[in-house]
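First, the structure itself, so that you have it in front of you.
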Amino acid sequence: MTTSAPARPGHTGAAESGGARAVPAWRRGMRPYVLSLPAVLIIVGILYPFGLGVYYAFLNYAAVVPEPVLVGLRNFGTVLSDPAFWASVRVTLVYAVAATAAETVLGIGIALLLNRSSLVGRVFERVLILPLMIAPVIAGVLWKLMFNPQFGVLNHVLGLGSTFDWLSDTHALISVVLVDVWIFTPFVAVLVLAGIRSLPKEPFEASAVDGAGWFYMFRRLMLPMMWPYILVAVIFRFMDCLKIFDHVFVLTAGGPGDATRTLQINAYQNSIINFNYSLGSTYMFLLWALVFLTARYLVSVLAKAQRRAAGSEV
């Protein structure tokens, strides 16, 4: 009977049997830092511009000021007392609420239709994501051509003649919301569809055996269980709508008048057009505060919905 020699300190049994060298202790100690380095670089790349923008909001930094100095909260007072700021807040909120509501309702309806297994549904499911593959700027250019009163295809197809202007002061906000709905409704539909297909089938089968109708099962079973998925879609879309810039700028550049002048476009005009970088940074900081507070509230609602769907909260 033979006995194995005790392992020497600093060596593992695997190293002795397989011939592999043991990893030095300093390399094992460095591994967590190396793995976390990309995340640290991303955080620094985000926080540095953000901190610089906040710092600019407390200066009188502009093209006409060669040596900017600290002015405290003067920029915030200037912005908050400007009627144009509150007009842009109203436009931004109306845009975000209208676009998110329309996309949510249409997305749920499309997801329910696509959930029915059929050849047409499977083909349409592949075609549905095509608007998401188009850059919003390109989509804005395409829709601007279609909105043209003279040779736009929409007026021709709908029989509106050449006098109806989709981008006039009375219709511009509705038109840019329509473009947003066209681009991002597939995102909501795909997300809700994934939620529907992840639901357990047993409650629906039991309800069907008891004679429950489709609408009853949708209202009492499906909707409460997929409510967290709907809230996730609402959070993503509402946050993105608050920060909208690209296709709105392509379609109207904030006009005509102040019809589509969002907070982002106001910040752009102050920083890039008027070269008042401090006022532009102030607009962006206030927009960030609006997005942050709204996101915190919606995430808390999502957490409650998830607990309710899991049965841990009544």
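Looking only at the range 136-164, count every residue that is in contact (Cβ under 8 Å) with a residue 12 or more places away in the chain and either out of contact with any His (no Cβ under 7 Å at 6 or more places or on another chain) or on the phi > 0 side of the Ramachandran plot (or both) and tell me the total.
11
I've got another one for you. Determine which member of the set TRP182, TRP143 is crowded, with 19+ Cβ neighbours inside 10 Å, of a type in the set (Phe, Trp, Tyr) and at pLDDT 85 or above.
Values: TRP182 fails: crowded, with 19+ Cβ neighbours inside 10 Å.
Being crowded, with 19+ Cβ neighbours inside 10 Å, of a type in the set (Phe, Trp, Tyr) and at pLDDT 85 or above holds for just one of TRP182, TRP143, which is TRP143.
Something else: Which one is nearest to ASP180 (Cα to Cα), of the residues in the range 262-279 that are surrounded by 22 or more Cβ atoms within 10 Å (Cβ to Cβ), within 22 Å of the chain's Cα centre (by Cα) and not hydrophobic (A, V, I, L, M, F, W, C)?
In this case the residue turns out to be THR262.
Under 14 Å from the mean Cα position of the chain (by Cα), modelled with pLDDT of 90 or more and either surrounded by 16 or more Cβ atoms within 10 Å (Cβ to Cβ) or of a type in the set (Lys, Arg) (or both), is that true of PHE245? Even if it seems obvious, please write down each step before you answer.
On the way: under 14 Å from the mean Cα position of the chain (by Cα): yes; modelled with pLDDT of 90 or more: yes; either surrounded by 16 or more Cβ atoms within 10 Å (Cβ to Cβ) or of a type in the set (Lys, Arg) (or both): yes.
Yes: the conditions hold for PHE245.
Further, regarding this structure: Please state which one of PRO49, PRO68 is touching a residue at least 60 places away in the same chain (Cβ under 8 Å) and surrounded by fewer than 15 Cβ atoms within 10 Å (Cβ to Cβ).
On the way: PRO49 fails: touching a residue at least 60 places away in the same chain (Cβ under 8 Å).
It is PRO68.
Next question, about the same structure. Within the range 220-240, does at least one residue satisfy the condition of being more than 30 Å from MET146 (Cβ to Cβ), at pLDDT 90 or above, touching a strand residue (DSSP E or B) at 6+ places or on another chain (Cβ under 9 Å) and not charged (D, E, K, R)?
No.
Can you give me the number of residues within the range 191-239 that are among the small types (Gly, Ala, Ser), under 23 Å from ARG307 (Cβ atoms) and not in a helix (DSSP H, G or I)?
Of the residues in that region, 1 qualify.
May I ask you to list the residues in the range 81-100 that are in a helix (DSSP H, G or I) and either closer than 13 Å to ASN266 by Cβ or among the aromatic types (Phe, Trp, Tyr) (or both)? Quick ask: steps written out before the conclusion?
Applying the first criterion (in a helix (DSSP H, G or I)) to the range 81-100 yields 83-100.
PRO83, ALA84, PHE85, TRP86, ALA87, SER88, VAL89, ARG90, VAL91, THR92, TYR95, listed by residue number.
The values are calculated or read from the model by the stated rules, or taken from the named source; none is laboratory data. Computed from a predicted model, the values in this text were never measured in an experiment. Please note: Cβ atoms are built from the backbone with ideal geometry, for glycine as well, and neighbour counts cover all protein chains shown.
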